Amino acid sequence: MPKLVYYVASTLDGFIAAPDGSYDFLPLEPDVAAHLAAHWPQTFPTLSHPHFGIDRPTGRFGGLLMGRATYDPALRIGVTSPYAHLRQYVFSRSLPPSDDPGVEIVDADPVAFVRDLKRQPGGDIWLCGGGQLAGQLLPEVDELVVKLHPIVAGSGVPLADRGFDPHRFALAGTRAFDSGLVILHYTAAPGPAAG
C-alpha cells in the first residue's frame, strides 16, 4: 500500500515559509543539494533537473500533493506542471480544471482523497506542501522527512497548520551536514501522542 510521505524544509521553530509564502530564506547549500539530488531527485522541480545533474529522476514516489499556495509560484511563471515527472494533485476550490494531463485539480476532502489514493497501486505519495494541507492530512502521514535548517524565523507558514492535536512520530534516521542542516526522518508511531 502506498505511503504518504511529508517531505519538507523547515526552520528550527517549525515554519516552512515566510508569512507571504516565500521560502528563499531557506538556502539549498551545495553539500545538501548533492545529497538530495542523489537520494531524493524526484523532489526537484522538473525545470531544475539539468542544473542539478538529474537525468531521469527515479525513486519511491508515484505522485505528489500540494495546496494552491504551493502551486501558485509555478503558475506565476507560466509553468502548469512543475513536477512533470510525477502525477500532481493540486487541492484548490478556486482553480479551474487543469488543461495539463499531468495535473489534477482536486476540489474534495483531502483525507478521503488520500485514503483512496493509498488503496490504489503505485508508488508512495509525496506531500509537497503547504502547511494548511499538511495540517488536514497529518493523521494520514506515514513518514515525515524534515530538512531542518539552522534558522529561527519567528513567524510564517507552520509545518502543519491545525488546532492543537498532538501526533507522535518515531525517529527512523538522521543525517547532518557541514552547512548546519539536519535531515530528520520519522515514521508515524501508533498509540496516543501525549502521555
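The values are calculated or read from the model by the stated rules, or taken from the named source; none is laboratory data. It should be emphasised that the depicted structure is a prediction, and the values quoted were computed from it without experimental measurement. Positions of Cβ are backbone-derived with ideal geometry, glycine not excepted, and every protein chain shown enters the neighbour counts. Accessible surface is based on the protein model in full, side chains and every heavy atom, while ligands, DNA and RNA are left aside. Shrake-Rupley method; radii C 1.70, N 1.55, O 1.52, S 1.80 Å.
Taking the residues in region 39-50 that are in contact with a helix residue (DSSP H, G or I) (Cβ under 8 Å, 6 or more places away or on another chain) and assigned to a loop (DSSP other than H, G, I, E, B) as candidates, determine which candidate is surrounded by the fewest Cβ atoms within 10 Å (Cβ to Cβ). My answer is PRO45. Could you check region 6-25 and list, in sequence order, the residues that are touching a residue at least 12 places away in the same chain (Cβ under 8 Å), open to solvent by 30 Å² or more (accessible area, probe 1.4 Å) and at negative phi? Across region 6-25, the qualifying residues are LEU12, ASP13, PHE15, PRO19, TYR23, PHE25.
Condition first: assigned to a helix (DSSP H, G or I) and open to solvent by 30 Å² or more (accessible area, probe 1.4 Å). Can you find one or more residues in region 75-92 that meet it? Checked against the condition, which is being assigned to a helix (DSSP H, G or I) and open to solvent by 30 Å² or more (accessible area, probe 1.4 Å), region 75-92 yields at least one hit.
Restricting LEU28, LEU65, LEU36 to residues that are of a type outside the set (Lys, Arg), in contact with a Cys (Cβ under 8 Å, 6 or more places away or on another chain) and either at pLDDT 95 or above or open to solvent by 70 Å² or more (accessible area, probe 1.4 Å) (or both) narrows the list to LEU65.
Looking at VAL146, is it open to solvent by less than 40 Å² (accessible area, probe 1.4 Å) and either in a strand (DSSP E or B) or at pLDDT 95 or above (or both)?
Working: open to solvent by less than 40 Å² (accessible area, probe 1.4 Å): yes; either in a strand (DSSP E or B) or at pLDDT 95 or above (or both): yes.
Yes, satisfied.
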